[in-house]
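Trainee: Sharing a structure below in structure tokens format, with a few things to ask.
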Amino acid sequence: MIPFLDLKAPYEELKQEIDAAVARVVGSGWFIGGPEVDRFEAEFAAYCGAAHAIGLANGLDALHLALRAMDVGPGDEVIVPSNTYIATWLAVTQCGATPVPVEPDPRTFNIDPDRIEAAVTARTKVILPVHLYGQPADMDPIVAIAAKHGLKVLEDGAQSQGARYKGRRIGAHGDAVAWSFYPGKNLGAMGDAGAVTTNDPVIADRLRVLRNYGSRVKYVNEVQGYNSRLDPLQAAILSVKLPYLDEWNQRRAAVAARYSEALADTGLVLPVVPTWAEPAWHLYVIQTEDRDALQKTLGDAGVGTLIHYPIPPHRQAAYADLGLAEGAFPVSEAMHRRVLSLPMSPHMSADQVDGVIAACRAALAVGA
């Protein structure tokens with residue numbers, strides 16, 4: 001059996017350091033905020049090349065509260081990818097705003113900058129690109145469009161810890177970046193956790209207030225805030241893992257390179273990486289018209305796979321009120337019918353990688 005992802009493996013590799021960090025937190029008696037959170041925020045900001053990192057409870061809160069910090073509210077519009085996980089859209093509608101979907105570049109899965117400007121209206125407040133599957137979105141034209149129209153740019157970096165755009169780590173190309181440290185992410189906690197990085201001191205200050213009941217002084221509430229604070233236990237675990245992130249991403253890149261080389265002649269549509277991108281390889285996503293049959297055959301052969309994602313946001317019942325019928329976003333809809341994620345982890349053995357390749361080739365009846 002080759003699992004899609006083994007969440008025990010990172011712990012086993014760093015067991016002594018993680019156990020020591022957990023014991024340190026438990027023994028400190030400091031369970032909300034405090035030095036562990038401060039430490040991780042400083043380390044992660046420096047890693048991302050950003051002036052500020054604000055720890056939050058999870059990735060959805062990071063998106064939602066970042067939009068709140070940008071004054072997004074009812075009547076506003078936020079440009080979002082039509083091809084993304086639903087959390088990107090949920091953050092917008094939790095503000096009372098309207099998501100305005102834009103189709104992806106079919107080569108990269110990410111929002112197509114050439115389609116964005118046509119979606120801008122007088123009500124547009126923010127452009128929200130997603131660095132999907134760990135592949136950086138093309139930020140320069142997105143930032144230029146935002147500057148032309150006086151808009152903010154919030155990046156969804158949930159899957160892209162350590163990725164680089166034109167040699168610079170994702171972290172502050174736009175006005176802010178929202179992060180998830182869900183356990184399966186490249187930098188994963190042992191529970192829910194999130195953050196926002198930014199170079200804007202006003203956004204950073206607003207986030208620190210919003211995450212703590214709208215208060216910076218105990219029992220003095222400036223605004224109607226939220227309870228969304230990064231747990232010190234998760235912060236300590238993330239601080240242990242952060243120094244290993246680049247090495248782990250290099251291992252992911254090696255797995256991706258092996259897949260791309262060995263599956264090049266199979267007829268599968270393999271990931272395309274622009275020359276300016278250094279992906280974090282959170283996922284390795286192939287495309288095929290016979291996706292469901294391939295997934296079943298691989299499963300029968302003991303290879304775990306997942307579909308990211310089977311239903312695009314505009315076709316979810318949660319967004320039926322937007323009235324976006326099937327066919328409204330054909331590029332995204334075609335992707336959601338065709339995509340399949342192969343096992344991807346920095347802890348895969350060479351034998352496991354070769355096993356996935358052999359199973360794919362056998363399933364597609366490709367000669368050795």
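Trainee: Pick out the one residue from 102, 72 that is over 19 Å from residue 321 (Cα atoms) and in contact with a Lys or Arg (Cβ under 8 Å, 6 or more places away or on another chain).
Mentor: Of 102, 72, the one residue that is over 19 Å from residue 321 (Cα atoms) and in contact with a Lys or Arg (Cβ under 8 Å, 6 or more places away or on another chain) is 72.
Trainee: Hey, any hits in region 201-210 for a residue that's touching a residue at least 60 places away in the same chain (Cβ under 8 Å) and in a loop (DSSP other than H, G, I, E, B)?
Mentor: no
Trainee: A further question follows. Among residues belonging to region 278-310 that are β-branched (Val, Ile, Thr) and in contact with a strand residue (DSSP E or B) (Cβ under 8 Å, 6 or more places away or on another chain), point out the one that is farthest from residue 332 (Cα to Cα).
Mentor: For region 278-310, the residue satisfying everything is 303.
Trainee: Any residue in region 264-286 that is of a type in the set (Asp, Glu) sitting within a Cβ distance under 6 Å of a residue that is buried (at least 16 other Cβ atoms within 10 Å of the Cβ) and assigned to a strand (DSSP E or B)? List the pairs, counting only those 6 or more apart or interchain.
Mentor: If the second residue must be buried (at least 16 other Cβ atoms within 10 Å of the Cβ) and assigned to a strand (DSSP E or B), the pairs left are 278/164.
Trainee: Could you grab me the full set of residues in region 294-305 that are open to solvent by 60 Å² or more (accessible area, probe 1.4 Å) and either small (Gly, Ala, Ser) or within 25 Å of the chain's Cα centre (by Cα) (or both)?
Mentor: 301
Trainee: Considering each of 282, 308, 314, 336 in turn, give the residue that is under 18 Å from the mean Cα position of the chain (by Cα) and in a helix (DSSP H, G or I).
Mentor: 336
Trainee: Select from region 339-353 the residues that are in contact with a Pro (Cβ under 9 Å, 6 or more places away or on another chain) and part of a loop (DSSP other than H, G, I, E, B) and write down the one among them that is most open to solvent (accessible area, probe 1.4 Å).
Mentor: 347
Trainee: Which numbered condition in (1) part of a loop (DSSP other than H, G, I, E, B); (2) open to solvent by less than 60 Å² (accessible area, probe 1.4 Å) is the only one that residue 253 fails?
Mentor: (1)
Residue-by-condition table, conditions (1) charged (D, E, K, R); (2) surrounded by 22 or more Cβ atoms within 10 Å (Cβ to Cβ); (3) over 18 Å from the mean Cα position of the chain (by Cα):
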{"position": "184", "(1), (2), (3)": "no, no, no"}
{"position": "202", "(1), (2), (3)": "no, no, yes"}
{"position": "213", "(1), (2), (3)": "no, no, yes"}
{"position": "223", "(1), (2), (3)": "no, no, yes"}
{"position": "259", "(1), (2), (3)": "no, yes, yes"}
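Trainee: Based on what the data block shows, is residue 168 in contact (Cβ under 8 Å) with a residue 24 or more places away in the chain, of a type outside the set (Val, Ile, Thr), surrounded by fewer than 17 Cβ atoms within 10 Å (Cβ to Cβ) and closer than 30 Å to residue 229 by Cβ?
Mentor: yes
Trainee: Confirm whether residue 4 is aromatic (Phe, Trp, Tyr), open to solvent by 30 Å² or more (accessible area, probe 1.4 Å), in contact with a Leu (Cβ under 6 Å, 6 or more places away or on another chain) and outside any helix (DSSP H, G or I).
Mentor: yes
Trainee: Can you pull out the residues in region 186-200 that are aliphatic (A, V, I, L, M) and open to solvent by 10 Å² or more (accessible area, probe 1.4 Å)?
Mentor: Across region 186-200, the qualifying residue is only 190.
Trainee: A follow-up question, please. Can you tell me which residue is farthest from residue 210 (Cα to Cα) among those in region 36-64 that are of a type in the set (A, V, I, L, M, F, W, C) and in contact with a Phe, Trp or Tyr (Cβ under 7 Å, 6 or more places away or on another chain)?
Mentor: 53
Trainee: Failed condition for residue 276, given (1) surrounded by 15 or more Cβ atoms within 10 Å (Cβ to Cβ); (2) within 30 Å of residue 167 (Cβ to Cβ); (3) touching a Gly at 6+ places or on another chain (Cβ under 9 Å), with all others met?
Mentor: For residue 276, the failing item is (1).
Trainee: Just checking, which of 265, 321 is open to solvent by 50 Å² or more (accessible area, probe 1.4 Å), assigned to a helix (DSSP H, G or I) and acidic (Asp, Glu)?
Mentor: Criteria check complete, one pass: 321.
Trainee: Quick test for you: out of 127, 86, pick the one residue that is open to solvent by 10 Å² or more (accessible area, probe 1.4 Å), touching a helix residue (DSSP H, G or I) at 6+ places or on another chain (Cβ under 6 Å) and of a type outside the set (D, E, K, R).
Mentor: Within the list 127, 86, the selection yields 86.
Trainee: Does residue 348 satisfy the criteria of being touching a residue at least 12 places away in the same chain (Cβ under 8 Å) and under 30 Å from residue 140 (Cβ atoms)?
Mentor: When the stated conditions are applied, residue 348 does not pass them.
The values are calculated or read from the model by the stated rules, or taken from the named source; none is laboratory data. A quick note: this is a predicted structure, and the numbers were derived from the prediction, not measured. For neighbour counting, all protein chains shown are included, and Cβ atoms are generated from backbone atoms with ideal geometry for every residue, glycine included. Surface accessibility is based on the protein's heavy atoms, side chains included, excluding ligands, DNA and RNA. Shrake-Rupley method; radii C 1.70, N 1.55, O 1.52, S 1.80 Å.
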